[in-house]
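Chemist: Got a structure for you, questions after.
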Amino acid sequence: MSQRVLRIKPSATLAVDAKAKELKRQGKNVISFGSGEPDFTSPAGAMKYAEEAIKRGETHYTPNPGILELREEICAYYGSRFGLTYEPSQVVVASGAKPSIYEALAAIVDPGDEVVLMAPTWVSYIEQVGLVDGKTVIVDTVNNGFMPKIEDIEKALTAKTVALLLNSPSNPSGMMFNEEMIRQVGKLAIEHDLWVIWDEIYEQLVYDGVQHYNPVQLMPELKDRTIIINGVSKAYAMTGWRIGYSIAPKEVAAKISNFQSHLTSNPAAVSQWAALGAMRESGEDVIRMRRSFEQRRDLICSLLADMPHIEFPRPEGAFYVFVDIRKCLGKQYAGKVLIDDLAFCDQLLDSELVAVVPGSAFLTPGYIRLSYACSEETIKEGMKRLKRFLEQIK
């Protein structure tokens, strides 16, 4: 086998989810906070457009970058949401936001080029940079409330740096780049002639009236060096439809589309029509789901606040809480030493049948990620088990 595939580490989130599902299959009452997947059914607008597309016989190849109607709708959305003007030729629809990120990296990274990431960072960024033979340079944000210091980003830059890969709201921490930080990062990108890959897949899932900003919205001069990543999976509860997209300068978008033509061809035709229906008709559904996520965020944070040994920042967006368990490590549970966050997660699953993702997967050992994209009943029962587990650590 190739060294490329041998270097790849399996997705920790999917691995946790798979282990939890296997235990459930065995009849065990497992509660999983592992997968970042809304528990809502996709909205009626998506279902209607999909059904109509099937009846029309929309079961063939579409244009490689996606149907024109969907690309036009994406442009309209960015116009109304952020006041930005894009043309359909700048949009490439892909089989999920994850392929969109990979295609963007493939378009701008040569072997040995460096891409700067902020830790904690989403698990697949690291592997995808490796898949295009690039190198990741990590800026640690743990001691600054999970927001980078601009001087630390600048120190990470070298002559080989080609891009900053940024995610706001963040998976796994739920924290967001504020206006000042985005402007500082934007100035760095211009001064050092860098690309910005801006992953805002959770941009509609923000709470407490916090404002989500797009870099190009704040600094139009970034438009020619920014690749935006978004999709319908999270906000519209459409993970299984597999529709994401990138928005880029026209020349780069053309190269991304050409790359995709040899990788996957167009995304599924019916899924594209479903995405169009969601974006056109499901705004109220997004608001309803966002309110539910905010209530769940409040619930899980209130329950976690009453537990020993742990600390956590209150997430501003997405649907994750990133919990500091470092005070638990080196201590014992049922006679077993919890040597690291991996051991903590294994013991929690084995003893209380609660699945969470270790922070090591996000380059931040000593933490765990909890997804609250599940029912309030699930959160209550799962937090009861977690508290019982923590109270037995000595």
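Every number in this text was worked out from the coordinates using simple rules, so none of it is lab data. Source: prediction; values computed, not measured. Please note: Cβ atoms are built from the backbone with ideal geometry, for glycine as well, and neighbour counts cover all protein chains shown.
Chemist: Please give me, ordered by residue number, the chymotrypsin sites (Phe, Trp or Tyr not before Pro) of the range 53-148 that lie in loop per DSSP and have at most 12 other Cβ atoms within 10 Å.
Modeler: Passing both the DSSP loop test and the Cβ count: TYR61.
Chemist: Nearest 0.05, what FRET efficiency do ILE339 and GLU311 give at R0 = 25 Å with Cβ-Cβ as r?
Modeler: 0.80
Chemist: How much net charge surrounds SER11 when only other residues with a Cβ under 15 Å from its Cβ are counted (Lys, Arg +1; Asp, Glu -1)?
Modeler: Net of charged neighbours comes to +3.
Chemist: Which percent, to the nearest 5, of DSSP beta bridges fully inside the chain are antiparallel?
Modeler: The answer is about 50 percent antiparallel.
Chemist: A further question on this structure: State, to one decimal in nm, how far the label point of LYS149 lies from the label point of LYS9, with both points 7 Å from Cα in the Cβ direction.
Modeler: Label-label distance for LYS149 and LYS9, simple model: 2.5 nm.
Chemist: Rounded to whole Hz and in sequence order, give me ³J(HN,Hα) for the range 63-77 from the Karplus expression 6.51 cos²θ - 1.76 cosθ + 1.60, θ = phi - 60°, writing x for Gly and Pro.
Modeler: Along the range 63-77, the couplings run x, 3, x, x, 5, 4, 4, 6, 5, 5, 5, 4, 4, 5, 4 Hz.
Chemist: Can you work out the Karplus-derived ³J(HN,Hα) for every residue in the range 246-255? Use 6.51 cos²θ - 1.76 cosθ + 1.60 with θ = phi - 60°, whole Hz, and x for glycine or proline.
Modeler: 10, 10, 8, x, 3, 5, 5, 4, 5, 5
Chemist: Quick one: putting +1 on the C-beta of Lys and Arg, -1 on the C-beta of Asp and Glu, what dipole do you get for the chain around its Cα centre, in Debye to the nearest 20?
Modeler: Roughly 1100 debye, rounded to the nearest 20.
Chemist: The range 91-107 to the range 244-280: how many Å between their Cα centroids?
Modeler: 8
Chemist: For the range 60-282, with equal point scatterers placed on the C-alpha atoms only and solvent neglected, what are the log10 I(q)/I(0) values from the Debye formula at q = 0.09, 0.10, 0.17 1/Å, to two decimals?
Modeler: Log10 I(q)/I(0), no solvent term: -0.33, -0.41, -1.25.
Chemist: Order these by the 10 Å Cβ neighbour count, fewest first: LEU164, LEU363.
Modeler: LEU363, LEU164
Chemist: Next question. Which angle from 0 to 90°, rounded to the nearest 10, does the C-alpha axis of helix 12-25 make with the longest principal axis of the chain?
Modeler: On a 0 to 90 degree scale, this one is about 60.
Chemist: Between LYS187 and ARG81, what is the spin-label point distance in nm, taking each point 7 Å from the Cα along the Cα→C-beta axis?
Modeler: Between LYS187 and ARG81, the label points sit 2.8 nm apart.
Chemist: Is the range 213-263 rounded, prolate or oblate when judged by the Cα gyration tensor, a ≥ b ≥ c being the square roots of its eigenvalues, rounded requiring a/c under 1.5 and prolate requiring a/b larger than b/c?
Modeler: Since a/c reaches 1.5 but b/c is at least a/b, the shape of the range 213-263 is classed as oblate.
Chemist: Here's something else I'd like to know. Which residues in the range 316-333 have a backbone N closer than 20 Å to a point placed 7 Å from the Cα of LYS394 along the Cα-to-Cβ line?
Modeler: Only 327-333 fall inside the zone, counting backbone N under 20 Å.
Chemist: Cβ neighbours within 10 Å, averaged per peptide: list 68-74, 172-178, 8-14 in order, most packed at the top.
Modeler: Going by the mean number of other Cβ atoms within 10 Å, highest first, we get 172-178, 68-74, 8-14.
Chemist: Along the positive direction of the dipole of the chain (beta-carbon charges: Lys, Arg +1; Asp, Glu -1; about the Cα centre), which of TRP195, VAL132, ASN214 reaches farthest?
Modeler: The one lying farthest along the dipole's positive direction is VAL132.
Chemist: Roughly how many debye, to the nearest 20, is the charge dipole of the range 172-216 about its Cα centre, given +1 on each Lys and Arg Cβ, -1 on each Asp and Glu Cβ, and no other charges?
Modeler: 60
Chemist: Run the numbers for ASP298 and LYS24: contour at 0.36 nm per residue of separation, minus the present Cα-Cα distance, in nm.
Modeler: 95.9 nm
Chemist: Given a Förster distance of 22 Å, report the FRET efficiency between ALA44 and ILE287 from their Cβ-Cβ distance, rounded to the nearest 0.05.
Modeler: For R0 = 22 Å, the calculated efficiency reads 0.95.
Chemist: Let me ask something else about it. Rounded, prolate or oblate: which one fits the range 221-302, using the alpha carbon gyration tensor with axes a ≥ b ≥ c (rounded when a/c is under 1.5, else prolate when a/b beats b/c, else oblate)?
Modeler: Prolate, because a/c is 1.5 or more and a/b exceeds b/c.
Chemist: With a sphere of radius 13 Å drawn around the Cβ of VAL93, what net charge do the other residues whose Cβ falls strictly inside it have (Lys, Arg +1; Asp, Glu -1)?
Modeler: Every neighbour counted, the sum reads -2.
Chemist: Another one. Sequence-distant or interchain residues sharing an amide H contact under 5 Å with LYS135, placed H: which?
Modeler: Distant-sequence amide H within range of LYS135: GLY112, ASP113, GLU114, VAL115.
Chemist: How do VAL216, VAL142 line up, fewest other C-beta atoms within 10 Å first?
Modeler: Fewest-to-most ranking of VAL216, VAL142: VAL142, VAL216.
Chemist: Further, regarding this structure: Would you calculate, for the chain, the mean residue ellipticity at 222 nm contributed by helices, counting each DSSP H stretch of 4 or more residues as -39,500 (n - 2.57) and dividing by all residues, to the nearest 500?
Modeler: -13500 deg cm²/dmol
Chemist: Could I ask something else about it? Is the range 200-338 rounded, prolate or oblate when judged by the Cα gyration tensor, a ≥ b ≥ c being the square roots of its eigenvalues, rounded requiring a/c under 1.5 and prolate requiring a/b larger than b/c?
Modeler: Taking the square roots of the gyration eigenvalues as a ≥ b ≥ c, the range 200-338 is prolate.
Chemist: Provide LYS384, LYS48 in ascending order of the number of other Cβ atoms located within 10 Å of each residue's Cβ, fewest first.
Modeler: Arranged by neighbour count, lowest to highest, LYS384, LYS48 become LYS384, LYS48.
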